[in-house]
Amino acid sequence: MRFYLLLIYFSITTSLFGQVDMLHFEQENALNEQLESLKNKPNLDTLERMSDRLEFLTLHSKIPLARLKYYLVESRKVTQNNPLLKTKEYRIYYISGVLDYLLGDTQSFEIKMADITKKLHAKADYKELAKMNSTLAGFYNFKSKFDLAKSIYLENENLYTHQLNQDVQSRKVESCISNANNLALLYRNQGMLDSALYYYERSYERAKLYQHKAWIGIISGNIGYCHLAKGNYDLAEPLLITDVKYSLQQNQQTSAINAMTNLAQIELKRGQPLRAKEWLDKANQVVNQFDKATSKELDKPYYSLFKQLEGEIAIQLGNTDLGVKAFHEAIDSLNKINKAKSNANEEFLAKRYIIEKNLMVINSLEEQQTRKNLYLAIGVILVLSLAFFLWRQQVFNKNLKEKNLEIECQAKELEKLNLEKNRLLSIVSHDLRNPVANLNSLIEMQRDNDITQEEFIHFSKDISKSLKSLNSMLDNILHWAKASMDGGIVPELKLQSPADLIQQIIDQSKPLLDAKNQICEFINSNPSSWSFDSNLLSVVLRNLLHNAIKFSPTGSTIRIQTILDGTRNLIQITDQGVGMDSNQLKNLLEGTVAKPGVGTSGEKGTGLGMRISKEFLDAMDAKLEASSEPGKGTCFCLVFTK
């Protein structure tokens, strides 16, 4: 028998873990989206939503706590760097303290809580201190540290009575209602009904002051429950009826149902089963008024209680068989709830004891029939558990496959980045070192009078050509490095005409054109404006124009033209250079050129210019098209879709 029970527990647990696996990625994606939203739109509402999500996931999620630590650190960076958000920084700081606590670092948690309290006291920001206390008390409640929670609620009551009394009276701190109610609930759960009534009455007075009908109804029901527990049915009844009235008006159906079931219990205590049935029927009506999905969720916690009350009503009316049946249905419902929510075990056992006690008083079922039913239930559960286990295994395998694919893609990307890094180092070590070394040698020879003035001028021309190439290379390396360090390219798109920018690039490139006696014509056939980032586009245009100059013969003409082609805005750069075959062109556009070519005057390149140009165009949602033929030149076309 123990073996079967262990097997059932294992099967249900593994099926739940399968559900957690599926939710893990969804929760992390939601966190990433919210973190990006906080960075891009740093306002208090976004911070509040991020804080609430982080607090919930810290307490309830199966996401590894180390991962949540990352999101807390990143969120806190945003709050510290933004003056508007800094006033609410304590929310993130508090959650990081809770995380420390859950990781076993109780000392760090206590230090952070003390630090937050000290800062809020120093600023005399008692409203935020009260909010912080409410959150902290909620955490202690979650960890079942009720004495600590009670002390925090009591501290808040002191704040509301003294430092925040004017705000309470002027109805500026509505949380004072819930604080007193929560404190009363702690006393009630400890059996200290008089203390509970004291704080319920305080909460009720505040609810009346704020004219908060929903709270008036809920707290009336709480006070009525205390009187019911003390056996004061005449005092409890009108308060519970008030709860029903206000809670139904304010759509607080849960509170109304609780009050109705308590009223039914009062009538049973008085020996009035028909009146008890009236209240129970009303409670059932409230449940059935919801839409189907909501009704099912709401019905779960009340089904067993309703069945227990039905059983007691049936017994008082003399229908023993109906009473026994209702009690058994209540036990079955509690069994299901217990399997789905293991943390409700104590409540389940308490309710089960009450119902089973009633069953023992009425009648005992035949042991043999009970055993048959139990074996049948175990057989059904085993089949369902096996099905859940197989399904969970499929989900796990699918997630594992997706994760492996993700890791494989990341590995390829890292390999690609490593190749780029090695290539860049090779370029710097070779192309940067030689021109600088030649320049240094020339200067030393001039200083030592080892060469004539004519020889110095002759060698200077060659070195000047190398330095121009070196300057272009360094410019591209800096653009590439900046984009990499900033974590990606974020364009600032503006609606503008590219004509002035193109002319500016041509003017800046005039020394290169003059050196090869070349002409660059600009034809502005499309004077309209379109969306692009001028800084990114200038780098692209400069690279393409310099390439055209480099690979075109002396005395040739280069043409730049803007064109409107239907829904496309084009910038064409056409040269009369050496051209490329289809293979070379394909490798150039894909950024896989193994060795950059040499210009018509011996100019050297790094191959980075085209790679950067393509990345910058991708960032602006633009495309690079090209056509070329060996010996007949090349035409590059920048395509911007409207």
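What follows is calculated from the coordinates using simple rules that are stated; it is not laboratory data. Here the structure is a predicted model, which means the values were calculated and not measured. Note: ideal-geometry Cβ built from the backbone for every residue, glycine included; neighbour counts use all protein chains shown.
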What does the extension gain come out to for Gln80 and Glu413, with contour length at 0.36 nm per residue minus their alpha carbon separation? 116.6 nm
When ranked by the protection proxy of mean other Cβ atoms within 10 Å per residue, highest first, what sequence do the peptides 506-513, 444-451 form? 506-513, 444-451
Of the cross-linked pairs Lys123/Lys145; Lys39/Lys119; Lys77/Lys398, which ones have a Cα-Cα span greater than 27 Å in the structure shown? Lys123/Lys145; Lys77/Lys398
Global size of segment 487-641 as Cα Rg and Dmax, reported in angstrom: 14.9, 43
If the chain between Met445 and Val73 were fully stretched, how many nm would it gain, using 0.36 nm times the residue separation less the Cα-Cα distance? 128.1 nm
Fewest to most neighbouring Cβ within 10 Å: what's the order for Ser582, Ser220? Ser582, Ser220
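Given charges of +1 on the Cβ of Lys and Arg and -1 on the Cβ of Asp and Glu, with all other atoms neutral, how large is the dipole of segment 487-641 about its Cα centre, in debye to the nearest 20? Spell out each step's value before the answer.
Numbers: 14 positive and 16 negative charges, 67 e Å.
In total the dipole reaches around 320 debye.
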Please rank Tyr187, Tyr199, fewest neighbouring Cβ atoms within 10 Å first, as an exposure proxy. Tyr187, Tyr199
Taking the simple approach of a point 7 Å from Cα along Cα-to-Cβ for both Gln504 and Lys336, what is their distance in nm? 7.1
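Computed FRET efficiency, Cβ-Cβ of Glu454 and Thr557, R0 35 Å: what is it to the nearest 0.05?
0.55
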On a full-extension model of 0.36 nm per residue, what is the gain between Ser582 and Asn165, subtracting their alpha-carbon distance, rounded to one decimal in nm? 142.0 nm
In nm, spacing of pseudo-spin labels at Ser464 and Glu26 (7 Å Cα→C-beta vector): 6.9
Ranked output for segments 145-155, 522-532, 399-409, 324-334 by mean other Cβ atoms within 10 Å, highest leading, reads 324-334, 145-155, 522-532, 399-409
Applying 1/(1 + (r/R0)^6) with R0 = 25 Å to the Cβ-Cβ distance of Glu625 and Leu493, what FRET efficiency is obtained, to the nearest 0.05? 0.75
